[in-house]
1. Can you name the residue in segment 292-334 that is farther than 24 Å from Glu40 by Cβ and among the aliphatic types (A, V, I, L, M) and, of all such residues, is modelled with the highest pLDDT?
2. Filter the strands (runs of 3 or more DSSP E) completely within segment 195-283 down to those with at least 3 residues that are among the aliphatic types (A, V, I, L, M) and closer than 18 Å to Ala184 by Cα.
3. Select from segment 224-238 the residues that are over 20 Å from the mean Cα position of the chain (by Cα) and surrounded by 15 or more Cβ atoms within 10 Å (Cβ to Cβ) and list them in ascending order.
4. Could you please find all residues in segment 92-127 being among the hydrophobic types (A, V, I, L, M, F, W, C) and not in a loop (DSSP other than H, G, I, E, B)?
5. Within segment 311-334, can you find the residues that are of a type outside the set (D, E, K, R) and over 24 Å from Pro62 (Cα atoms)?
6. Among the residues in segment 301-311, are any charged (D, E, K, R), in contact with a strand residue (DSSP E or B) (Cβ under 8 Å, 6 or more places away or on another chain), touching a residue at least 40 places away in the same chain (Cβ under 8 Å) and assigned to a strand (DSSP E or B)?
7. Does Thr166 meet the test of being polar (S, T, N, Q) and outside any loop (DSSP other than H, G, I, E, B)?
Amino acid sequence: MKVSSGQRARAAAGGLTLAALAAASLAANGTTYHLVDLGEAYAVGINDAHKAAGNRLGDTQPLRWGGARWHDLKQVPNTFGSAAYAINHFGDVSGYIENAGLAFVPAIWPRGTNNFVLLPLPDGASAGIATAITTNRRAAGYTFDGSCVVWDANWNVTDIGKPRHTGGCQATGMNIDGDVTVNASGHGFVWRDGHYKDIGSLGGEGSSAMAINRYGHVAGTGTDAAGIEHPIVWKAGTMTDLGFPDSSYVDVVARALNDNGAVVGDGWSNNDEAQHAVLFDQGQAIVLDTVVDDLADWNLEYATGIANDGTIVGWGVRSTYYTHAFMLVPMASD
């Protein structure tokens, strides 16, 4: 399950001009990050132009971050709300709109506008979500009757069904070649060239596939023989355990990755009984709280997106209980 599903956001603008920050190539050895407070919101994805998608805390308002503030994305008046799930390089946002009949309809908020376009559903389906959108404007998602779907660049829909012997299908990510990550019946899959491939496990019963980059590498989880979730990257049929920051961590998830191989996610530490955002890069698992130059009163809990220059988005808490979205901009190491 994607962290963004069920999350809602409240936007308050941060006042920093990101162009003034010198972003360096992401490196585990010595890179520190400047923290940008994105206000009371959940950030669910970022593109290479440092535009982000998110949701306002508490009232199901989808948002697009740009120009140092959140912009409300339109939805149907007098409904309970809608949600953003993903953003592509140009700023198109995908998610769902709640319509006047209170059904969830897949939608895209195109670049340059705050208005939405409703996406078609396969015959017989009445509700669904567009969970991913690519630079060439293809999209992926799922219907509430258990099928995964893809939309082409003209947003014509194709029902790609579900993996064999599974009870349903939820698409989580898509790359520019049209490869789709899918979760079904406790297993992660990649849909490619019309076929589903199970990504396997780490000796346990299951896995999850959360995101896919342009090279077809997948971030997600693999379950070990003890039933513990490990963060993984799957490449060309091989699953690699990314490891934990230390032995106190349990059920760590890899949620997003960029084209340079850096991965972000989060996990629970039994040491302080708290959730922590984690960066996986160059063989290291790094708690992001430890590499921010101006952490102040933050606990960074979830990391949900990473751009190719290493800029990271997610959310955490300030002063113990105020949920805020964040953007971490890498600074040149000494």
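The values are calculated or read from the model by the stated rules, or taken from the named source; none is laboratory data. Source: prediction; values computed, not measured. As a convention, Cβ positions derive from the backbone with ideal geometry for all residues, glycine included, and neighbour counts pool all protein chains shown.
1. In the first step, residues of segment 292-334 are kept if they are farther than 24 Å from Glu40 by Cβ; the result is 308-310, 330-334.
From the residues that got through so far, the ones that are among the aliphatic types (A, V, I, L, M) too are 331-332.
Working: Met331: 91, Ala332: 68.
Result: Met331.
2. Details: elements: 195-198, 203-212, 218-224, 229-235, 238-241, 249-257, 263-269, 274-281.
The strands (runs of 3 or more DSSP E) meeting that bar are 203-212.
3. The initial filter retains those residues of segment 224-238 that are over 20 Å from the mean Cα position of the chain (by Cα), namely 224-228, 236-238.
Ile228, the sole residue that qualifies.
4. Just the residues of segment 92-127 that are among the hydrophobic types (A, V, I, L, M, F, W, C), to begin with: 93, 97, 100, 102-105, 107-109, 116-119, 121, 125, 127.
Scanning segment 92-127 gives Val93, Ile97, Phe104, Val105, Ala107, Ile108, Trp109, Val117, Leu118.
5. Pass one, segment 311-334, residues of a type outside the set (D, E, K, R): 311-317, 319-333.
Within segment 311-334, Ser319, Thr320, Pro330, Met331, Ala332, Ser333 qualify.
6. We begin by selecting, within segment 301-311, every residue charged (D, E, K, R); these are 301, 309.
Still in the list and also in contact with a strand residue (DSSP E or B) (Cβ under 8 Å, 6 or more places away or on another chain): 301, 309.
Narrowing the set further to residues that are touching a residue at least 40 places away in the same chain (Cβ under 8 Å) leaves 309.
Among the residues that remain, those that are also assigned to a strand (DSSP E or B) are: none.
Within segment 301-311, none of the residues are charged (D, E, K, R), in contact with a strand residue (DSSP E or B) (Cβ under 8 Å, 6 or more places away or on another chain), touching a residue at least 40 places away in the same chain (Cβ under 8 Å) and assigned to a strand (DSSP E or B).
7. Values: polar (S, T, N, Q): yes; outside any loop (DSSP other than H, G, I, E, B): no.
No, not satisfied.
Every residue, every condition in (1) aromatic (Phe, Trp, Tyr); (2) surrounded by fewer than 21 Cβ atoms within 10 Å (Cβ to Cβ); (3) closer than 17 Å to Ala219 by Cβ, yes or no:
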| site | (1), (2), (3) |
| --- | --- |
| Ala296 | no, yes, no |
| Leu300 | no, no, no |
| Thr304 | no, no, yes |
| Ala307 | no, no, yes |
| Trp315 | yes, no, no |
| Tyr321 | yes, yes, no |
| His324 | no, no, no |
| Met327 | no, no, no |
| Met331 | no, yes, no |
